[in-house]
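Peer 1: The structure under discussion is supplied below as structure tokens; questions concerning it will follow.
The values are calculated or read from the model by the stated rules, or taken from the named source; none is laboratory data. In this text the structure is predicted, and so the values were computed from the model without any measurement. FYI the Cβ positions are ideal-geometry reconstructions off the backbone, even for glycines, and counts take in every protein chain you see.
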Amino acid sequence: MKLSFNSLYIVSTPIGNLDDITFRAIDVLKKSDFILCEDTRHSLKLLNHFKLKKKLISHHKFNEKKQVSRIIEHINQGKILSLISDAGTPLLSDPGRLLVNKCIENNIKVIPIPGASSIVTAMSISGFRDQFLFYGFLPKTENELEKVLSVLSQESFSQIFFIPALKINFYLKFFKKYFSGRKLLIAKELTKIHETFFRDSVDEVNLFKSQLKGELTIVISEKDIKKRVLDKEKIVNKAKIFLKKYSLKDTVDLILESEKINRKEIYKLCLGVKNEKNY
């Protein structure tokens, strides 16, 4: 495969099992002059596994501002640069956004090399509705977490979070508070030898007695929104009482206060009662 110069390649790497890398990803890394990575020691294991000898440049949230200009310079000089994360698809709860935006500003192509992602991997085996929201790492403090979950819990979509395994019990307590009635999947060590999935309802899941390690991918199911059944007889009886004292509009408004259903349906029923003239 011929690579494009004046481009930055965003290369997805395995999330655990090294066999999950794509042929295209290996080819791009093989032809790259420099590979930007979060942790050079971690990424070196990946390169050694595939017998790739390349210059690794540490690129993380603490040094990316300082490095951006130099990286852009390398690309403009015709060097082929790739960006990888420690695992999975870069930029999803990982550094790189600053560099990508700088490339876009400088008319430098940003080319994705797709591959593994713990987000879609966990979602694909969850059994939950596939309209989902990905949040990433949740806040660490109780106040901030309450603010975020109070908003997210109103969304009906399935939701995906990253959580440090050591803090699982802390977050489960808040999931019970805000996602009651939903199901959850906890994915641990995805694609690795000790890959494990915990499935339960949010209300019934137990706190973990033993300490878990690593990073967990949590999937919360969609909200089950049950439509309220229109009790026509109940509404008609109320309309007969209210219409003796109130106008049609006021009667509809009064019924709506206790019956949180479609206004048009209530109006039709009340109008039918009013037209009978024998209530």
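Peer 1: Can you name every residue in the stretch 209-227 that is touching a helix residue (DSSP H, G or I) at 6+ places or on another chain (Cβ under 8 Å), of a type outside the set (D, E, K, R) and buried (at least 16 other Cβ atoms within 10 Å of the Cβ)?
Peer 2: 212, 216, 217, 218, 219, 220
Peer 1: Pairs please, first residue from the stretch 122-137 and more than 12 Å from residue 152 (Cα to Cα), second anywhere and at pLDDT 95 or above and of a type in the set (Lys, Arg), Cβ atoms under 8 Å, 6+ apart in sequence or on different chains.
Peer 2: Listed pairs, sorted by first residue: 128/183.
Peer 1: A further question follows. Filter the stretch 189-208 for residues that are hydroxyl-bearing (Ser, Thr, Tyr) and surrounded by 13 or more Cβ atoms within 10 Å (Cβ to Cβ); which is nearest to residue 172 (Cα to Cα)?
Peer 2: Ranking the qualifying residues of the stretch 189-208, first place goes to 201.
Peer 1: Scan 215, 259, 195 and give me the residue that is in contact with a Pro (Cβ under 7 Å, 6 or more places away or on another chain) and either touching a residue at least 24 places away in the same chain (Cβ under 8 Å) or over 21 Å from residue 127 (Cβ atoms) (or both).
Peer 2: Only one candidate qualifies: 215.
Peer 1: Okay, next question. Evaluate the stretch 61-71: report whether one residue or more is surrounded by fewer than 13 Cβ atoms within 10 Å (Cβ to Cβ), assigned by TED's automatic domain parsing to the domain that holds residue 110 and within 20 Å of residue 5 (Cα to Cα).
Peer 2: The answer is yes, given that some residue of the stretch 61-71 is surrounded by fewer than 13 Cβ atoms within 10 Å (Cβ to Cβ), assigned by TED's automatic domain parsing to the domain that holds residue 110 and within 20 Å of residue 5 (Cα to Cα).
Peer 1: Could you say whether any residue in the stretch 90-97 is surrounded by 14 or more Cβ atoms within 10 Å (Cβ to Cβ) and either farther than 19 Å from residue 12 by Cβ or touching a Phe, Trp or Tyr at 6+ places or on another chain (Cβ under 6 Å) (or both)?
Peer 2: yes
Peer 1: Also, quick follow-up: Within the stretch 148-167, which residues are in contact with a Lys or Arg (Cβ under 6 Å, 6 or more places away or on another chain) and either loosely packed, with under 15 Cβ neighbours inside 10 Å or part of a helix (DSSP H, G or I) (or both)?
Peer 2: Across the stretch 148-167, the qualifying residues are 156, 165.
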